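Structure, as structure tokens:
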Amino acid sequence: MKILKNNFHILKRAGHVLAFLVLGLFMSACDFTPRIHKDILIAQNYITNQEYALAVKQYHKILEMAPNDEIKIKVNYQIAELYSVSLGQYYKGIAFYEKIPKLTTDPVWLVKTQERIGEIAFLYINDYEKAADVYSKLSDFRPKLSNHDLYEYRLAISYIKLKKYDMATKHLVTMHNNGNHKYFVDSFYQSGVLYFDKQEWNRAIQYFREYIKREDRRDLKVRAIFLMANCYETIERLKTAYDLYYSILGEYPNNKVIQERLNSVYERRVARKR
């Protein structure tokens, strides 16, 4: 939850910066009637004063004035940003991002809006169907976009969440075979998660081991060790499970959970010897 809140604040700050950049584009690239110009300045002042609901209302007013498509695109994007970033109304934000492809075929706008929809769906509302749809399109874009590796990685995770394991595996194997992929190491962890979710414990162990060999950060290794210990516990390899749990005692975020697992495994081992 703390990570999610931090992500929200980062997104919010970035959104404010972008909001003003877009408003700058309004001023430099659009032809206005005096009335629209005045209304845009009013909206900008609302944003400056963090009166986001009033800014949204003002932008809706501008749309009702039937401006040209160039202005509609930027107004819809601003409304989407305000809803999703400043007001936390993610579904409303997505609805306005989705209006933009109906107004333009400019790939810059299309990619920008798809990225925003994918980020919201994946990180904030857990709509993995929508995330998969967005990241599939972005991954297929040619020539490859600069964030292609991120799209492919999130696409694989979305498929795991949706239990579309074959589709997830296809992308994860591609990442396993590409040592230059930005998420090369992480892909082994996600394969472990996939087989853990399928309850194929030995395959999960195999991939967690491959991940641990490659990962440098100890805190990230710890999460994989915990899941690997859980696999061993499930298949009755109790000594190995105990040793793994013990190896992360004091390092796992919830130490109480580790202590409980140690006690449970110990009692099972004692009962087995009776």
Quick one: which of 29, 66 is modelled with pLDDT under 95, among the aliphatic types (A, V, I, L, M), open to solvent by 10 Å² or more (accessible area, probe 1.4 Å) and within 23 Å of residue 111 (Cα to Cα)?
29
Is there a residue in region 36-55 that is surrounded by 15 or more Cβ atoms within 10 Å (Cβ to Cβ) and either closer than 30 Å to residue 169 by Cα or of a type in the set (Lys, Arg) (or both)?
no
Given the criteria within 16 Å of the chain's Cα centre (by Cα), acidic (Asp, Glu) and surrounded by fewer than 18 Cβ atoms within 10 Å (Cβ to Cβ), does residue 127 qualify?
no
Of all the residues that make up region 155-181, how many are surrounded by fewer than 18 Cβ atoms within 10 Å (Cβ to Cβ), over 19 Å from residue 209 (Cβ atoms) and among the hydrophobic types (A, V, I, L, M, F, W, C)?
2
Flagged in region 233-246 as crowded, with 20+ Cβ neighbours inside 10 Å, over 30 Å from the mean Cα position of the chain (by Cα) and of a type outside the set (A, V, I, L, M), in numbering order, are 233, 242
Return the residues of region 211-223 that are open to solvent by 50 Å² or more (accessible area, probe 1.4 Å), touching a helix residue (DSSP H, G or I) at 6+ places or on another chain (Cβ under 9 Å) and of a type in the set (Asp, Glu); say none if nothing qualifies.
216
Only one of 115, 152 that is charged (D, E, K, R) and open to solvent by 20 Å² or more (accessible area, probe 1.4 Å)
115
Evaluate region 82-99: report whether one residue or more is farther than 23 Å from residue 172 by Cα, open to solvent by less than 20 Å² (accessible area, probe 1.4 Å) and touching a His at 6+ places or on another chain (Cβ under 9 Å).
yes
Given (1) within 15 Å of the chain's Cα centre (by Cα); (2) outside any helix (DSSP H, G or I), index of the condition residue 105 fails
(1)
Pairs, please: C-beta under 6 Å, at least 6 apart or cross-chain, first residue within 17 Å of residue 212 (Cβ to Cβ) and in region 229-253, second aromatic (Phe, Trp, Tyr) and open to solvent by 40 Å² or more (accessible area, probe 1.4 Å)?
231/201
Out of (1) surrounded by 20 or more Cβ atoms within 10 Å (Cβ to Cβ); (2) assigned to a loop (DSSP other than H, G, I, E, B), the odd one out for residue 146 is which?
(1)
Of residues in region 187-205 being polar (S, T, N, Q) and open to solvent by less than 40 Å² (accessible area, probe 1.4 Å), the one farthest from residue 241 (Cα to Cα):
187
Given the residues 208, 184, 226, which is the only one that is of a type in the set (Phe, Trp, Tyr) and open to solvent by less than 20 Å² (accessible area, probe 1.4 Å)?
208
Kindly establish whether residue 199 is out of contact with any Leu (no Cβ under 8 Å at 6 or more places or on another chain) and within 17 Å of residue 172 (Cα to Cα).
no
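The values are calculated or read from the model by the stated rules, or taken from the named source; none is laboratory data. These numbers come from a predicted model, not from an experiment. Heads up, the Cβs are rebuilt from the backbone with ideal geometry, glycines too, and the neighbour counts pull from every protein chain shown. The accessibility values were calculated without ligands, DNA or RNA, using every heavy atom of the protein model including side chains. Shrake-Rupley method; radii C 1.70, N 1.55, O 1.52, S 1.80 Å.
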